[in-house]
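J.: Structure provided below as structure tokens; questions to follow.
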Amino acid sequence: SVGQQRFEVIVEGTDAAAPGPEARWREYEFECKPGDVARRPCVITPYHYRLDWQMWFAALPGHQNELWFLHFVYKLLTGEPSVLDLVEHNPFPDAPPTFVRANLYEYRFTRPDEDTHAWWHREYVRGYLPPVHKEHAQLREVLAEQGWLPRADAAR
């Protein structure tokens, strides 16, 4: 069933050499899930975009350890064209990001009495995935265990 709260995982990347405070993080936009608060909600029925649907589940309590999500992040880090075709906006059209992270936000529709031109209001809840790069040892280990990365490559 649909809950009364709307949580969203927001995936961001940076091309900075390190994920420190000076890094500029840019969001990936999905086809139909909330992201940019100024973007009008889309309506599709009776189906959902598959990745958007999976992202909705990933944001639900107890679903933070979704292995497919780590594979998705790795594909963003490597600039996999077939995965980039699944997102509405790739903020890194020329080269993949050096780091990707994800944060969890709570979304709600804005009210008519709010002085804003946004459709959504969002509040940061917590980190979802800390910044990782494509050579991140734990990430590569998980990918290799799932058969998504050859074991020889995992040892790099």
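J.: Looking only at residues that are over 17 Å from L76 (Cα atoms) and under 18 Å from the mean Cα position of the chain (by Cα) in the range 122-146, which one is surrounded by the most Cβ atoms within 10 Å (Cβ to Cβ)?
T.: Among those that are over 17 Å from L76 (Cα atoms) and under 18 Å from the mean Cα position of the chain (by Cα), it is R122.
J.: If I ask for residues that are in contact (Cβ under 8 Å) with a residue 40 or more places away in the chain and either more than 17 Å from F30 (Cβ to Cβ) or open to solvent by 60 Å² or more (accessible area, probe 1.4 Å) (or both), which ones from the range 79-89 would you list?
T.: Selection gives L86, E88, H89.
J.: Which of the residues that make up the range 1-49 are in a strand (DSSP E or B) and either among the polar types (S, T, N, Q) or under 18 Å from E88 (Cβ atoms) (or both)?
T.: Residues satisfying the conditions are E8, V9, I10, V11, E12, G13, T14, R26, E27, E29, F30.
J.: Then there is this: Within the range 19-30, can one find any residue that is under 24 Å from H121 (Cβ atoms), modelled with pLDDT under 90 and open to solvent by less than 40 Å² (accessible area, probe 1.4 Å)? Please lay out each step first, then the result.
T.: Taking the range 19-30 as the starting set, the residues that turn out to be under 24 Å from H121 (Cβ atoms) are 24-30.
With the extra rule that they be modelled with pLDDT under 90, the set shrinks to none.
Scanning the range 19-30 turns up no residue that is under 24 Å from H121 (Cβ atoms), modelled with pLDDT under 90 and open to solvent by less than 40 Å² (accessible area, probe 1.4 Å).
J.: Right, here's the next one. Take the residues in the range 62-71 that are over 18 Å from H136 (Cα atoms) and without any contact (Cβ under 8 Å) to a residue 40 or more places away in the chain; name whichever of them is least open to solvent (accessible area, probe 1.4 Å).
T.: The qualifying residue least open to solvent (accessible area, probe 1.4 Å) is H63.
J.: Turning to a different aspect of this structure: As an exercise: evaluate F92 against (1) part of a strand (DSSP E or B); (2) in contact (Cβ under 8 Å) with a residue 40 or more places away in the chain; (3) among the aromatic types (F, W, Y) and give the number of the one condition it does not meet.
T.: Unmet condition: (1).
J.: Restricting the range 43-59 to residues that are open to solvent by less than 70 Å² (accessible area, probe 1.4 Å) and either at pLDDT 85 or above or among the polar types (S, T, N, Q) (or both), which is nearest to the chain's Cα centre (by Cα)?
T.: The residue in question is M55.
J.: Could you tell me which of the residues Y74, Y105 is touching a Leu at 6+ places or on another chain (Cβ under 8 Å), open to solvent by less than 70 Å² (accessible area, probe 1.4 Å), within 22 Å of W56 (Cβ to Cβ) and of a type outside the set (D, E, K, R)?
T.: None of the other options fit; the residue is Y74.
J.: Something else: If you take the residues in the range 108-120 that are open to solvent by 60 Å² or more (accessible area, probe 1.4 Å) and of a type outside the set (D, E, K, R), which one is nearest to Y28 (Cα to Cα)?
T.: W119
J.: For the range 50-76, what are the residues that are of a type in the set (F, W, Y) and closer than 23 Å to P91 by Cα?
T.: W53, W56, W68, F69, F72, Y74
J.: Could you list, in sequence order, all residues of the range 33-48 that are in contact (Cβ under 8 Å) with a residue 24 or more places away in the chain and either in contact with a Cys (Cβ under 6 Å, 6 or more places away or on another chain) or within 17 Å of L86 (Cβ to Cβ) (or both)?
T.: Answer for the range 33-48, where residues must be in contact (Cβ under 8 Å) with a residue 24 or more places away in the chain and either in contact with a Cys (Cβ under 6 Å, 6 or more places away or on another chain) or within 17 Å of L86 (Cβ to Cβ) (or both): K33, P34, G35.
The values are calculated or read from the model by the stated rules, or taken from the named source; none is laboratory data. Keep in mind that this is a model prediction, so the values were computed, not measured. Every residue, glycine as well, gets a Cβ built from its backbone with ideal geometry; the counts of neighbours run over all protein chains shown. When the accessible area is computed, the model is the full protein with side chains, heavy atoms only, and any ligands, DNA or RNA have been set aside. Shrake-Rupley method; radii C 1.70, N 1.55, O 1.52, S 1.80 Å.
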